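S.K.: Quick one: the structure is below, questions incoming.
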Amino acid sequence: MTKVLVLLANGFEEIEATTIVDVLRRAELDVTTAALEVVNVRGAHGITLLADCELREVQDKPFEAVILPGGMPGSRNLRDDARVIDLLQRQAHQDKYLGAICAAPIALEAAGVLTGKRATSYPGHPLPSAQVSESRVVVDGKLVTSRGPGTALEFSLEWVKILVGVEKAEKLRQDMIAR
């Protein structure tokens with residue numbers, strides 16, 4: 001079963017994190033949520049989620065995809081954590097999937113994995129090494145980025161399409177009555 005890691009930092013965007021995890025688990029992917037510190041992680045809007053584990057427990061384990069929800073200050077917390085940067089760099093070096101939504105692409109920028117890649121992010125978060133797009137979801141090879149909370153479902157369904165297939169993504173779209 002395909003293993004996916006979703007990182008949760010204090011100040012994460014709740015809509016993005018819960019949508020990503022929910023949709024990928026509906027697609028029967030093996031999703032692990034990992035907190036940067038303690039497993040009780042407080043979102044940007046005061047909602048606390050219980051992560052499956054702490055990052056230190058899984059940072060050296062293999063994952064087909066590592067996905068970063070955005071939000072503030074969550075995205076800065078991801079960007080400023082040396083373990084996250086190392087994980088993102090290793091993931092890119094091993095030609096595995098990376099994804100980020102909203103402001104979280106700033107962590108990808110800090111890791112140096114956007115050079116020459118097409119990417120998008122929440123407005124006002126520059127990605128100087130990337131070819132920036134204003135599309136809602138951007139896929140460039142094994143890199144997937146998206147704009148913000150309003151694009152979380154599209155972003156998540158794109159991951160299902162990539163990791164499981166078009167048929168499963170379309171079935172989930174229909175089952176959830178999504179556009």
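S.K.: Among the candidates Ala65, Ala82, single out the residue that is of a type in the set (Gly, Ala, Ser) and under 12 Å from the mean Cα position of the chain (by Cα).
M.R.: It is Ala65.
S.K.: Quick one: in the range 92-139, of everything that is part of a strand (DSSP E or B) and of a type in the set (Val, Ile, Thr), which residue is nearest to Glu154 (Cα to Cα)?
M.R.: Val137
S.K.: Could you check how many residues of the range 129-170 are of a type outside the set (Gly, Ala, Ser) and within 18 Å of Gly70 (Cα to Cα)?
M.R.: Result for the range 129-170: 18.
S.K.: Taking Tyr122 as the residue in question, decide whether it is hydroxyl-bearing (Ser, Thr, Tyr), surrounded by 15 or more Cβ atoms within 10 Å (Cβ to Cβ), out of contact with any Pro (no Cβ under 6 Å at 6 or more places or on another chain) and closer than 20 Å to Val160 by Cα.
M.R.: Spelling it out, it is not the case that Tyr122 is hydroxyl-bearing (Ser, Thr, Tyr), surrounded by 15 or more Cβ atoms within 10 Å (Cβ to Cβ), out of contact with any Pro (no Cβ under 6 Å at 6 or more places or on another chain) and closer than 20 Å to Val160 by Cα.
S.K.: Note down all Cβ pairs under 8 Å where the first residue falls in the range 59-83 and is β-branched (Val, Ile, Thr), the second is surrounded by fewer than 22 Cβ atoms within 10 Å (Cβ to Cβ) and assigned to a loop (DSSP other than H, G, I, E, B), and they're at least six residues apart or on different chains.
M.R.: Val66/Lys96
S.K.: Also: Among the residues of the range 91-114, write down those that are without any contact (Cβ under 8 Å) to a residue 40 or more places away in the chain and of a type in the set (Asp, Glu).
M.R.: Glu109
S.K.: Now for a separate question. Among (1) hydroxyl-bearing (Ser, Thr, Tyr); (2) surrounded by 15 or more Cβ atoms within 10 Å (Cβ to Cβ); (3) in a loop (DSSP other than H, G, I, E, B), where does Thr151 come up short?
M.R.: (3)
S.K.: Kindly indicate whether Glu64 is under 28 Å from Lys171 (Cα atoms), surrounded by fewer than 14 Cβ atoms within 10 Å (Cβ to Cβ) and touching a helix residue (DSSP H, G or I) at 6+ places or on another chain (Cβ under 9 Å).
M.R.: No; evaluated as a whole, the condition is false for this residue.
S.K.: Output the residues belonging to the range 156-168 that are surrounded by 20 or more Cβ atoms within 10 Å (Cβ to Cβ) and of a type in the set (A, V, I, L, M).
M.R.: Within the range 156-168, Leu157, Val160 meet the criteria.
S.K.: In this structure, is Val144 modelled with pLDDT of 95 or more, more than 20 Å from Thr33 (Cα to Cα) and not polar (S, T, N, Q)?
M.R.: no
S.K.: Also: Being farther than 17 Å from Tyr97 by Cβ, of a type in the set (Lys, Arg) and in contact with a strand residue (DSSP E or B) (Cβ under 6 Å, 6 or more places away or on another chain) is the requirement here; does Arg42 meet it?
M.R.: Criteria met by Arg42.
S.K.: Go through the range 26-41 and give me each residue that's over 22 Å from Ser156 (Cβ atoms) and in contact (Cβ under 8 Å) with a residue 24 or more places away in the chain.
M.R.: Glu37
S.K.: Then there's this: Return yes or no: is Glu37 modelled with pLDDT under 95 and either surrounded by 15 or more Cβ atoms within 10 Å (Cβ to Cβ) or basic (Lys, Arg) (or both)?
M.R.: yes
S.K.: Here's another thing I want to ask about it. So if I check each of Thr19, Thr32, which one is part of a strand (DSSP E or B), modelled with pLDDT of 95 or more, surrounded by fewer than 22 Cβ atoms within 10 Å (Cβ to Cβ) and not charged (D, E, K, R)?
M.R.: Being part of a strand (DSSP E or B), modelled with pLDDT of 95 or more, surrounded by fewer than 22 Cβ atoms within 10 Å (Cβ to Cβ) and not charged (D, E, K, R) holds for just one of Thr19, Thr32, which is Thr32.
The values are calculated or read from the model by the stated rules, or taken from the named source; none is laboratory data. Owing to the predicted nature of the structure, the values given are computational and were not obtained by experimental measurement. No Cβ is skipped: glycine too gets one built from the backbone with ideal geometry, and neighbour counts run over all protein chains shown.
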